[in-house]
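*Asks:* The structure follows.
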Amino acid sequence: MIKLRSVTKAYNSGVDKTFVLRNINLHVKEGEFISIMGPSGAGKSTLLHIIGMLDSISDGEYHFFDQPVHALNEKKRAALYKEYLGFVFQSYHLIDDLTVYENLEMPLLYKKYNSSERKSLVCDTLDRFQIVGKKNLFPNQLSGGQQQLVGVARAIISKPKLLLADEPTGNLHSVQGEEIMQLLSNLNQDRTTIIQVTHSEKNAGYGTRILQLKDGWIEN
Amino acid sequence: MFANYLKIALRNLLRHKGYSIINIAGLAIGMAACLLIVLYIQRELSFENMNPKADRIYRVLTIDKALGTNNQRVGITMPALGPAVPPAFPDVEASLRVTGSAKTLLTYGDRPSVYAENLRMADSNFFDFFNFPMLQGDPATALKEPFALVLTAKLARQIFGEEDALGKTIKTGNGNDVKVTGVLKDLPDNIHFDFDALGSIATLKSLLNANRPPNSTRPIWIEQWQLIAMPTYLMFREGSSVSGYDQKLTKFCRENGVGENFEITLQPLLGAHLRSKDVIMDYVANKGDVNNVYTFAAIAVLILLIAVINYMNLSTARGAERAKEVGIRKVVGSLRSQLIVQFLGESLLITLVALLLAEPLAYTTLPWLNGLIGAHLTFNLAHNALLLACVILLLFIVGIVSGLYPAFVLTGFKPVTVLKGSFKTGQKGTKLRKGLVVFQFALSIALITMAAVIQRQIYYVQHKDLGYNRDQVLVFDMFDRSMGANLATFREELSKQSSFVSLAEGFDVPGRGFGRTRVRPEGVADENIWIWSSMTVSPEVLPTLGMEIAQGRNFNREMATDTNGVVLINETAARALGWENPLSKRLYFGQSDSIGTQVIGVVKDFHFTALHQKIEPVVIFPLGNTPGGLLMARIQGGRIAEALESAQQKWKEIFPGHPFSYSFLDDEFNATYRQDINTGKIVNTFTILAIFIACLGLFGLASYSTAQRNKEIGVRKVMGASIGTIVRLLVLDFLRWVVIANLIAWPLALYIASKWLDGFAYRTTLSVWSFLAAGTMALFIALITVSFQAVNAATTNPVKSLRYE
Ligand SMILES: Nc1ncnc2c1ncn2[C@@H]1O[C@H](COP(=O)(O)OP(=O)(O)OP(=O)(O)O)[C@@H](O)[C@H]1O
Ligand SMILES: [Mg+2]
């Protein structure tokens, strides 16, 4: 599904180049659940953003289902992204002015669903995440765990093939964190490929494979 | 999708009430001002546009190139020119002459007499040129016969009451019987001239012929080439070109023996209202100024710009919040184009809300504008396609321009950058915001300066020593021969009243514009044609108007020789000829004059025309024993009511058939500057609006930036800074920018103000104080606005702002 070959990411800092990712080679098959670990500043988020097509690479090749992502223009990349990917953030990133229901509905607005399809998808998802009772609340009326629940729900509502999660439990205490990890695990069993970044060994254990990242290198 | 955008937009509006109010109020006021200005400009441009032939009609103006004149365009031309042009030039379909207007007494049977305020005479084809709808009578023939008279409906009602006017005979003040041949619907107010009664030129011709000396060979004046006297219009054939006609007509005049000093120039009828400010003697009742149209259009744009900048500023200030939304939407699959649509939609929505408020605002303030410009504008979107178009255009232009920043800058952020957590656009847009605030204030300061300069000039005009004293002077006009015959009696009766200090008869009053006459001064070569303004008055005019003798003496009523053959001149005349001692000199009038007239005195220069024009040489003729056309009466200080009462009483005795009629000289003077004064008032009002809107924005921005600096303020306070230091810190930052704004505004204001002042031959200096005052005022207003926020922030308990972090 994903093939990274000699991927490098560098930032220009003054005259020098700072390398954040160096010579990354990575294959991900459909159905995998990968956990990326490593010390702070290792480049985990950067790697996730690159896989998520939110960031571009400086050198190397990135193939997604045989599409050369590195060679695609912004629009094509966005189309690819829209069709296959979902993203979960450490700090949830819900839209404050929209209710839970509307936050969930939003991704569907950008895809080809008519209003009744949208309605049934949102209702299904609310059901599945057991947050029907919260559908008319605004994000600031929810606990952190509940917000992240909505965050995950929003990411998977349009049934992405690949779910990317950057420290999804980072801001949550352990009980809430476990709930979220259980949820990801269930999604993985339903054939969603998942790549998460995590600092916790325990959370990494939910996955099928662990990648250690250090100073931009993958350690095996 | 749309519902989602709308929800976001509305919730945003409601959640940030302060910002929303500032934005909407600013835009609403800005757009209301804009709509009013559109109405004003629309009216200014609407003159003559009810006339289907307007684009083919031209006014014949004469440029007098003689020495002693300012070479202005003159609104009249040779009386013989009009009728001679169509036969000689196939391009010209027809010509029309209309005389200047005269207040005339009209009496029908036993009914009370009524004045026609503006009676004019016109050639019989008047209604071919100006198709004013006629309620009764036939426009084609109404002005054919001598002693035919067409009335406006209003005047007809005054004269006849409910009785039918058509075909009735009425008597004029001069004792002529005239027949009503037509009744016109009352005239629109957007035409360049004004009349309430229209007689036929045939009347004039028949009267002139009747009074002609039996064996005179000279044609009557309305058939002469040797003088300029008649407002004249030419109608060109459809498709013909007027280019080159200035020269052709000038040449045509030469061929008919017109003096070398006259040149002809044609003015499109459609420019008569807006482009005649410099034209003298043109009987144009309603003069606009194309520069005012430009000025007000510019002001409309400036005010709108200031309001739009508020919107842009506040939305960049709040950019961080919206940037997060942009990031999220992109992450869940939104295209940039969809986000641009969303943000533009949002600013369109706000603009729409503002527009809905702007309309009633404009509607309710319209009577104020109408009062100022003396018009009857109405705010009616259904009947005014242009206004409707402007409203729609405003919505889209303002909506889109104000949405440009959020739509194109915010949506350009990469979601990773925005969502990484510590993103703050607050810093990013700071430079832009400060730049925009500087720009806003520069515009406001330029407007304040402009307003200050206009006020200063108006003050200057009203307080300048004119060389005569216009206060407490009454003018009684004699409207016909019967009145003129009794003027001496009237004067004598009034002179017995202690409330009158001094009384003078004459034909001319400063401020009304003088006639002109050709002069051959002693010692000047024949080819040097001098044309001077002339005034004919009794000796008492000097004390009555407070004019002074610079050299020599005034006319003396006791000296029989002073009734003829002597004149006074003004200082400009003496200076123009380089005469050291004018008293020994002679002036010659007319070709056959070999005796000449002696200059016996020089009066100090006085402004007999508006201060827009330079003083020209004047010759003052003694009235002698001729009855004058008017009486000037100086009233003793503070006894105006008493003087008016006794004048009315004497008037009733001496002119029993004429309703009492008078005017104050200073009112006439003020009327000359009415347009300038109104321009000043309108500029003032819009300046205040502009500043208000700019302050709204500054207030919003100050509150935002102090909110952002709350933590810094908290830390400083914990470290022991006093409230004073903190306020100073916050305020100084803003004030620095206002100072920079001044530096930008001044050259701009200097340029515009000096352009405006160019319209006056006599003008106030551009004082540094106007500029400093404007700058200080802006600084002061900004200070109040910002301090309010700063004090608020500085006095908040620091723990509050530091607790969350
Ligand atoms: N825009 C940028 N310009 C320059 N350097 C950057 C930029 N963004 C990230 N970096 C650098 O790239 C490196 C990797 O950052 P990244 O966010 O991927 O780390 P991480 O592994 O996710 O760390 P953490 O566990 O703290 O989230 C860091 O050293 C960071 O300073
Ligand atoms: Mg990270």
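*Asks:* Every residue in the stretch B:226-241 that is in contact (Cβ under 8 Å) with a residue 12 or more places away in the chain and open to solvent by 40 Å² or more (accessible area, probe 1.4 Å), please.
*Replies:* Those that are in contact (Cβ under 8 Å) with a residue 12 or more places away in the chain and open to solvent by 40 Å² or more (accessible area, probe 1.4 Å): B:Gln226, B:Leu227, B:Arg237, B:Glu238, B:Ser241.
*Asks:* Being within 16 Å of ligand 2 (Cβ to nearest atom) and of a type in the set (Ser, Thr, Tyr) is the filter here; which residues of the stretch A:165-178 pass it?
*Replies:* A:Thr169
*Asks:* Separate question: How many of the residues making up the stretch A:23-37 are closer than 22 Å to A:Asp190 by Cα and away from ligand 2 (no atom under 16 Å from the Cβ)?
*Replies:* 7
*Asks:* Could you list, in sequence order, the residues of the stretch B:206-222 that are surrounded by 14 or more Cβ atoms within 10 Å (Cβ to Cβ) and not small (Gly, Ala, Ser)?
*Replies:* If the condition is that a residue be surrounded by 14 or more Cβ atoms within 10 Å (Cβ to Cβ) and not small (Gly, Ala, Ser), then B:Leu207, B:Leu208, B:Pro219, B:Ile220, B:Trp221, B:Ile222 are the ones that fit.
*Asks:* Within the stretch A:33-80, track down each residue that is within 9 Å of ligand 1 (Cβ to nearest atom) and open to solvent by 30 Å² or more (accessible area, probe 1.4 Å).
*Replies:* Listed by number, the residues that qualify are A:Pro39, A:Ser40, A:Gly41, A:Ser45.
*Asks:* Considering only strands (runs of 3 or more DSSP E) fully contained in the stretch B:472-588, which possess at least 3 residues that are among the basic types (Lys, Arg)?
*Replies:* In the stretch B:472-588, B:515-521 are the strands (runs of 3 or more DSSP E) which contain 3 or more residues that are among the basic types (Lys, Arg).
*Asks:* Looking only at residues in the stretch A:1-16 that are away from ligand 2 (no atom under 16 Å from the Cβ) and over 21 Å from the mean Cα position of the chain (by Cα), which one is nearest to A:Glu219 (Cα to Cα)?
*Replies:* Only one residue fits best here, namely A:Ser6.
*Asks:* Failed condition for A:Phe19, given (1) touching a Phe, Trp or Tyr at 6+ places or on another chain (Cβ under 7 Å); (2) part of a strand (DSSP E or B); (3) more than 16 Å from ligand 2 (Cβ to nearest atom), with all others met?
*Replies:* (1)
*Asks:* Is at least one residue of the stretch B:16-36 open to solvent by less than 10 Å² (accessible area, probe 1.4 Å), in a helix (DSSP H, G or I) and more than 30 Å from B:Leu395 (Cβ to Cβ)?
*Replies:* The answer is no; no qualifying residue exists.
*Asks:* If I filter the stretch B:314-325 for residues that are hydrophobic (A, V, I, L, M, F, W, C), out of contact with any Phe, Trp or Tyr (no Cβ under 9 Å at 6 or more places or on another chain) and in a helix (DSSP H, G or I), do I get at least one hit?
*Replies:* no
*Asks:* Then there is this: For the stretch A:179-220, name all the residues that are open to solvent by 90 Å² or more (accessible area, probe 1.4 Å) and either within 14 Å of chain B (Cβ to nearest Cβ) or within 16 Å of ligand 2 (Cβ to nearest atom) (or both).
*Replies:* The answer is A:His199, A:Lys214, A:Asp215.
*Asks:* Now for a different question. Working only within the stretch B:238-270, note down all residues that are in contact with a helix residue (DSSP H, G or I) (Cβ under 8 Å, 6 or more places away or on another chain) and assigned to a helix (DSSP H, G or I).
*Replies:* B:Leu249, B:Phe252, B:Cys253, B:Leu269, B:Leu270
*Asks:* Condition (residue is charged (D, E, K, R), outside any helix (DSSP H, G or I) and touching a residue at least 12 places away in the same chain (Cβ under 8 Å)) applied to the stretch A:172-190: is it met by at least one residue?
*Replies:* No; the residues of the stretch A:172-190 include none that is charged (D, E, K, R), outside any helix (DSSP H, G or I) and touching a residue at least 12 places away in the same chain (Cβ under 8 Å).
*Asks:* Give the residue that is nearest to ligand 2 (Cβ to nearest atom), with candidates limited to residues of the stretch A:38-66 that are farther than 16 Å from A:Val28 by Cα and at the interface with chain B (Cβ under 10 Å from one of its Cβ atoms).
*Replies:* Looking at residues that are farther than 16 Å from A:Val28 by Cα and at the interface with chain B (Cβ under 10 Å from one of its Cβ atoms), I get A:Ser45.
*Asks:* Right, here's the next one. Here's a check for you: in the stretch B:326-349, which residue that is closer than 27 Å to B:Leu696 by Cα and open to solvent by less than 10 Å² (accessible area, probe 1.4 Å) is nearest to the other protein chains (Cβ to nearest Cβ)?
*Replies:* Step by step, filter the stretch B:326-349, then rank; the result is B:Gln342.
Residue-wise test of (1) open to solvent by less than 10 Å² (accessible area, probe 1.4 Å); (2) at pLDDT below 90; (3) over 30 Å from B:Ala745 (Cβ atoms); (4) not acidic (Asp, Glu).
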residue	(1), (2), (3), (4)
B:Gln267	yes, no, yes, yes
B:Met281	no, yes, yes, yes
B:Ala297	no, no, no, yes
B:Ser315	no, yes, no, yes
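*Asks:* Does A:Ile24 satisfy being within 13 Å of ligand 1 (Cβ to nearest atom) and within 14 Å of A:Ile195 (Cα to Cα)?
*Replies:* In short, no.
*Asks:* Could you check the stretch A:149-171 and list, in sequence order, the residues that are part of a helix (DSSP H, G or I) and either touching a Cys at 6+ places or on another chain (Cβ under 7 Å) or within 14 Å of chain B (Cβ to nearest Cβ) (or both)?
*Replies:* Matches in the stretch A:149-171: A:Val150, A:Gly151, A:Val152, A:Ala153, A:Arg154, A:Ala155, A:Ile156.
*Asks:* For residues that are of a type outside the set (A, V, I, L, M, F, W, C) and open to solvent by less than 30 Å² (accessible area, probe 1.4 Å), tally how many sit in the stretch B:635-649.
*Replies:* Within the stretch B:635-649, residues that are of a type outside the set (A, V, I, L, M, F, W, C) and open to solvent by less than 30 Å² (accessible area, probe 1.4 Å) number 1.
*Asks:* Which numbered condition trips up A:Gln90, out of (1) within 16 Å of ligand 2 (Cβ to nearest atom); (2) open to solvent by less than 40 Å² (accessible area, probe 1.4 Å); (3) in contact with an Asp or Glu (Cβ under 6 Å, 6 or more places away or on another chain)?
*Replies:* Of everything listed in (1) within 16 Å of ligand 2 (Cβ to nearest atom); (2) open to solvent by less than 40 Å² (accessible area, probe 1.4 Å); (3) in contact with an Asp or Glu (Cβ under 6 Å, 6 or more places away or on another chain), A:Gln90 misses just condition (2).
*Asks:* Would the stretch B:102-115 turn up any residue that is closer than 16 Å to B:Gly182 by Cα and either surrounded by fewer than 16 Cβ atoms within 10 Å (Cβ to Cβ) or acidic (Asp, Glu) (or both)?
*Replies:* No, because not a single residue in the stretch B:102-115 is closer than 16 Å to B:Gly182 by Cα and either surrounded by fewer than 16 Cβ atoms within 10 Å (Cβ to Cβ) or acidic (Asp, Glu) (or both).
*Asks:* Please indicate, with yes or no, whether at least one residue in the stretch B:679-699 is more than 32 Å from the chain's Cα centre (by Cα) and more than 30 Å from B:Ala745 (Cα to Cα).
*Replies:* Among the residues of the stretch B:679-699, not one is more than 32 Å from the chain's Cα centre (by Cα) and more than 30 Å from B:Ala745 (Cα to Cα), which makes the answer no.
Condition check ((1) modelled with pLDDT of 90 or more; (2) closer than 19 Å to B:Ala300 by Cα; (3) away from chain A (no Cβ under 14 Å)) across all residues:
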residue: B:Thr365; (1), (2), (3): yes, yes, yes
residue: B:Ala389; (1), (2), (3): yes, yes, yes
residue: B:Leu395; (1), (2), (3): yes, yes, yes
residue: B:Gly399; (1), (2), (3): yes, yes, yes
residue: B:Val418; (1), (2), (3): no, no, no
residue: B:Ala451; (1), (2), (3): no, yes, yes
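*Asks:* Now, a different point. Tell me yes or no: at least one residue of the stretch A:114-135 is within 28 Å of A:Ser45 (Cα to Cα) and at the interface with chain B (Cβ under 10 Å from one of its Cβ atoms).
*Replies:* So far as the stretch A:114-135 goes, no, none of its residues is within 28 Å of A:Ser45 (Cα to Cα) and at the interface with chain B (Cβ under 10 Å from one of its Cβ atoms).
*Asks:* Also, quick follow-up: With (1) open to solvent by less than 30 Å² (accessible area, probe 1.4 Å); (2) within 30 Å of B:Ile299 (Cα to Cα); (3) outside any helix (DSSP H, G or I) as the list, and B:Asn49 as the residue in question, which single condition is left unmet?
*Replies:* (1)
*Asks:* Of all residues being more than 18 Å from A:Glu83 (Cα to Cα) and of a type in the set (A, V, I, L, M) in the stretch A:113-136, which is surrounded by the fewest Cβ atoms within 10 Å (Cβ to Cβ)? Just the residue, please.
*Replies:* In this case the residue turns out to be A:Val132.
*Asks:* Right, here's the next one. Being outside any helix (DSSP H, G or I), in contact (Cβ under 8 Å) with a residue 60 or more places away in the chain and open to solvent by 60 Å² or more (accessible area, probe 1.4 Å), is that true of even one residue in the stretch B:376-399?
*Replies:* For the stretch B:376-399, residues outside any helix (DSSP H, G or I), in contact (Cβ under 8 Å) with a residue 60 or more places away in the chain and open to solvent by 60 Å² or more (accessible area, probe 1.4 Å): present.
The values are calculated or read from the model by the stated rules, or taken from the named source; none is laboratory data. Remember, predicted model here, so these are calculated numbers, not experimental data. Backbone-built Cβ (ideal geometry, glycine too); neighbour counts: all protein chains shown. Heavy atoms of the whole protein, side chains included, go into the accessibility calculation; ligands, DNA and RNA do not. Shrake-Rupley method; radii C 1.70, N 1.55, O 1.52, S 1.80 Å.
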